Amino acid sequence: MRVLVTGGAGFVGSNVVKLLESKGAKTIIIDDFSHASFKNLEGVKSEVICADILDDSVLKKLPPVDAVVHEAAITDTVLDDNTKMMTINYNGFQKYLEYCLSKNIRLVYASSAGTYGDGQSPMKEDQKPRPLNTYAYSKYLCDVAFSKVYQKAGAGIVGLRYFNVFGPGEAHKGKSSSMIYQLYLQMREGKNPRVFKFGEQKRDHVYVKDVARITAAAIELKESVIMNVGTGTARSFNDIIDALNSVMGTEYKPEYFDSPLTGVYQDHTQASIELLEKFKLTAEYTLETGVKDYVSNYLAVE
Ligand SMILES: NC(=O)c1ccc[n+]([C@@H]2O[C@H](COP(=O)([O-])OP(=O)(O)OC[C@H]3O[C@@H](n4cnc5c(N)ncnc54)[C@H](O)[C@@H]3O)[C@@H](O)[C@H]2O)c1
């Protein structure tokens with residue numbers, strides 16, 4: 001099987017590429033490296049095409065592929081350039097949607113829990129979307145485009161609403177990296193970790209190894225569907241600090257500060273995992289076991 005992974009040099013994309021290759025698939029990456037790291041591609045055999053997903057000429061020259069995993073997007077949710085956000089995230093997605101429909105090949109694309117905004121938890125795929133920012137709105141529009149075509153898509157399309165992903169390969173993301181990574185860096189420097197008052201905002205933190213496994217499995221799904229990718233459990237920032245202290249053997253205390261992001265920030269996210277259960281794809285890592293694997297096997301040995 002040959003799979004095209006857009007955004008394959010990014011965080012989730014590179015983990016998906018590595019997993020697919022370990023299962024014997026051939027991969028092609030399209031990434032403009034605007035928000036990626038070549039370090040994520042260590043050991044990867046993939047053909048790498050450095051290009052913008054908006055560039056039509058790339059798709060015209062592409063060798064035949066069996067499936068597309070579309071991860072490329074602007075992922076800095078607070079980027080102050082709405083045109084860029086919409087053009088790359090929405091128009092870019094539409095190009096790959098049209099490509100897959102015209103070639104009758106499977107498409108798995110990255111949507112986001114951001115589409116639920118401050119909607120009720122556990123967040124179910126069919127509840128009313130409430131995007132709080134342009135990033136979330138751009139992902140919501142991808143899901144709308146999906147819902148208009150999926151019934152005629154013989155080949156099948158799967159939209160994955162990732163919750164808060166953490167794990168190896170996210171270092172290039174800076175301020176948009178996971179809270180787990182950002183708090184770890186502060187603690188590694190010997191500082192008390194800083195979180196919004198009073199650390200009780202809860203998120204569904206899902207380990208990237210689960211995300212890559214579910215994304216790869218979605219290529220094989222027999223139906224078209226939009227599905228959450230989370231653990232089904234909401235955990236607080238204070239819980240993250242406890243999990244990090246436990247693995248690092250430290251006793252740092254949180255330092256609380258006022259959130260500058262009131263109104264555009266999701267205070268509580270928690271995935272309904274009914275669909276993941278239906279497809280026998282539930283997450284295997286908890287916050288604690290994911291943090292342990294991440295810190296012990298990746299961050300502490302850098
Ligand atoms: N990480 C999360 O917690 C999370 C949560 C919800 C949804 N998502 C979605 O998952 C996908 C992957 O996110 P990620 O965390 O790996 O982010 P990332 O920023 O590491 O990956 C995005 C990749 O897309 C590439 N890219 C951006 N614009 C491009 C363009 N115009 N042409 C070609 N390549 C381009 C970047 O260089 C990068 O490699 C994104 O679609 C994101 O919206 C991620």
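The values are calculated or read from the model by the stated rules, or taken from the named source; none is laboratory data. Treat the numbers as computed from the prediction; the structure is a model and nothing was measured. When we count neighbours, we look across all protein chains shown, and the Cβ atoms used for this are built from the backbone with ideal geometry, even at glycine.
Taking region 268-296, which residues are of a type in the set (Asp, Glu) and either within 15 Å of residue 165 (Cβ to Cβ) or touching a Gly at 6+ places or on another chain (Cβ under 8 Å) (or both)? If you could, list the steps in order and put the result at the bottom.
Let us first name the residues in region 268-296 that are of a type in the set (Asp, Glu), namely 274, 277, 284, 288, 293.
Answer for region 268-296, where residues must be of a type in the set (Asp, Glu) and either within 15 Å of residue 165 (Cβ to Cβ) or touching a Gly at 6+ places or on another chain (Cβ under 8 Å) (or both): 284, 293.
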> Can you name the residue in region 214-246 that is of a type in the set (D, E, K, R) and either in contact with a Ser or Thr (Cβ under 8 Å, 6 or more places away or on another chain) or surrounded by fewer than 19 Cβ atoms within 10 Å (Cβ to Cβ) (or both) and is also nearest to residue 158 (Cα to Cα) among such residues?
Replying inline: 223
> Which number in (1) at pLDDT below 95; (2) within 15 Å of residue 227 (Cβ to Cβ) marks the one condition that residue 79 misses?
Replying inline: (2)
>> Just to verify a result, which residue in region 30-69, among those that are in contact with an Asp or Glu (Cβ under 8 Å, 6 or more places away or on another chain) and of a type in the set (D, E, K, R), is farthest from the ligand (Cβ to nearest atom)?
In response: 45
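Using the structure shown, decide if residue 252 is under 19 Å from the mean Cα position of the chain (by Cα) and either at pLDDT 95 or above or surrounded by 13 or more Cβ atoms within 10 Å (Cβ to Cβ) (or both). Break it down into steps so the answer makes sense when it comes.
On the way: under 19 Å from the mean Cα position of the chain (by Cα): no; either at pLDDT 95 or above or surrounded by 13 or more Cβ atoms within 10 Å (Cβ to Cβ) (or both): yes.
So residue 252 does not fit the description; no.
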>> So residue 21 passes all but one of these: (1) out of contact with any strand residue (DSSP E or B) (no Cβ under 8 Å at 6 or more places or on another chain); (2) within 22 Å of residue 207 (Cβ to Cβ); (3) surrounded by fewer than 20 Cβ atoms within 10 Å (Cβ to Cβ). Which condition number does it fail?
In response: (1)
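How many residues are part of a helix (DSSP H, G or I) and of a type outside the set (D, E, K, R) if we restrict to region 95-116?
Step one: list which residues in region 95-116 are part of a helix (DSSP H, G or I), which gives 95-103, 113-116.
Right, trim to of a type outside the set (D, E, K, R) and you get 96-97, 99-102, 113-116.
Residues flagged as part of a helix (DSSP H, G or I) and of a type outside the set (D, E, K, R) within region 95-116 amount to 10.
For region 72-81, state whether one or more residues are within 21 Å of the chain's Cα centre (by Cα), closer than 19 Å to residue 16 by Cβ and more than 9 Å from the ligand (Cβ to nearest atom). Quick ask: steps written out before the conclusion?
As a first pass, look at region 72-81 and keep what is within 21 Å of the chain's Cα centre (by Cα): 72-81.
Now restrict to residues that are closer than 19 Å to residue 16 by Cβ: 72-75.
Remaining after also requiring more than 9 Å from the ligand (Cβ to nearest atom): none.
Scanning region 72-81, I find no residue that is within 21 Å of the chain's Cα centre (by Cα), closer than 19 Å to residue 16 by Cβ and more than 9 Å from the ligand (Cβ to nearest atom), so the answer is no.
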> Regarding residue 179, is this residue in the same structural domain as residue 102 (by TED's automatic domain parsing) and in contact (Cβ under 8 Å) with a residue 60 or more places away in the chain?
Replying inline: no
>> Looking only at region 99-143, filter to residues that are surrounded by 17 or more Cβ atoms within 10 Å (Cβ to Cβ) and among the acidic types (Asp, Glu); which one of those is farthest from the ligand (Cβ to nearest atom)?
In response: 125
